[in-house]
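What follows is a set of notes on a single structure, which appears directly below.
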Amino acid sequence: MILAAATLVSGPALAQRNGNYPVKEMNFDLWCQEQAGLPAERCDKRTPQDEATFNAFRAKVEAYEIPYLQQKANAARLDRDILRNDPVDNPPTKDIPAQRPDLIIPSPSTPPRP
């Protein structure tokens, strides 16, 4: 159900409210025709009952969306920081100055270049 709702979202309206997570606002027309399966004529009328049902559905989906996006970001961070950049599995090369040019110390016998 959440995946189906994720296909119904559009616009970055809620992203500003919820920090760096790409939360998007749901569209009533798409929900009405695709999720609720109502005819287009009824969706165009936007009855108060349909609006209330849509708002309840949207509130339920949004309650799970931020924790889901947080979990997804944490998993990506774990994968990037721990699993992919592990120095045991990916040892640095033996030429440390090539990796860290900021560690190259000029010798005192060589004058600095102008």
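For residues that are part of a helix (DSSP H, G or I) and of a type in the set (A, V, I, L, M, F, W, C), tally how many sit in region 26-45.
Qualifying residue count, region 26-45: 6.
Within region 56-99, the set of residues being surrounded by 10 or more Cβ atoms within 10 Å (Cβ to Cβ) and at pLDDT below 70 comprises Asp86, Pro92, Ile96, Pro97, Ala98, Gln99. Taking the numbered list (1) over 17 Å from Asn27 (Cα atoms); (2) free of Cβ contacts under 8 Å to residues at least 40 places away in the same chain in turn, Tyr64 passes all entries but (2). With the structure loaded, tell me whether Ala15 is modelled with pLDDT under 85 and in a helix (DSSP H, G or I) or whether it fails that test. Spelling it out, it is not the case that Ala15 is modelled with pLDDT under 85 and in a helix (DSSP H, G or I).
The values are calculated or read from the model by the stated rules, or taken from the named source; none is laboratory data. All values derive from a computational prediction rather than experimental measurement. Please note: Cβ atoms are built from the backbone with ideal geometry, for glycine as well, and neighbour counts cover all protein chains shown.
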